[in-house]
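For reference, the structure discussed in these notes is given below.
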Amino acid sequence: MDALQLKNKIIQRIIEIDDVNLLKSIELIFNTSDKNISKFISFIHENVQEENLRETEDFTAYIKEWVKSM
């Protein structure tokens, strides 16, 4: 996907948002520097990865206990 397609996809998502508070939050993000936006996105990405790892670990532990009980 090229830059123009990504921009159009982001614009379309924003157009679909009706929540004024969410739109104000997005505006605040866009009003910051590119460096701060990059830091914010990196932070979110890291948190999502950690959540995914925790879910996998919990699921793995569940499977191990289930196998032990068999």
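Values quoted throughout were computed directly from the atomic coordinates according to the rules given, and no laboratory measurement underlies them. Worth saying up front: this structure is predicted, and the values here are computed from it rather than measured. Cβ: placed from backbone, ideal geometry, glycine included. Neighbour counts: every protein chain shown.
Quick look at the values:
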quantity	calculated
Acute angle (nearest 10 degrees) that the helix 3-16 long axis makes with the longest principal axis of the chain, alpha-carbon atoms	90 degrees
At 0.890 mPa s and 25 °C, Stokes diffusion of the chain via Kirkwood alpha-carbon radius, µm² per second	158 µm²/s
Farthest positive-ward along the chain dipole, Cα basis, beta-carbon charges - from GLN12, THR32, ASN52	THR32
Helical contribution to [θ] at 222 nm, DSSP H n ≥ 4, -39,500 (n - 2.57), averaged over the chain, rounded to 500	-30000 deg cm²/dmol
Total formal charge among the other residues, if their Cβ is under 13 angstrom from that of HIS45, Lys/Arg +1 and Asp/Glu -1	-2
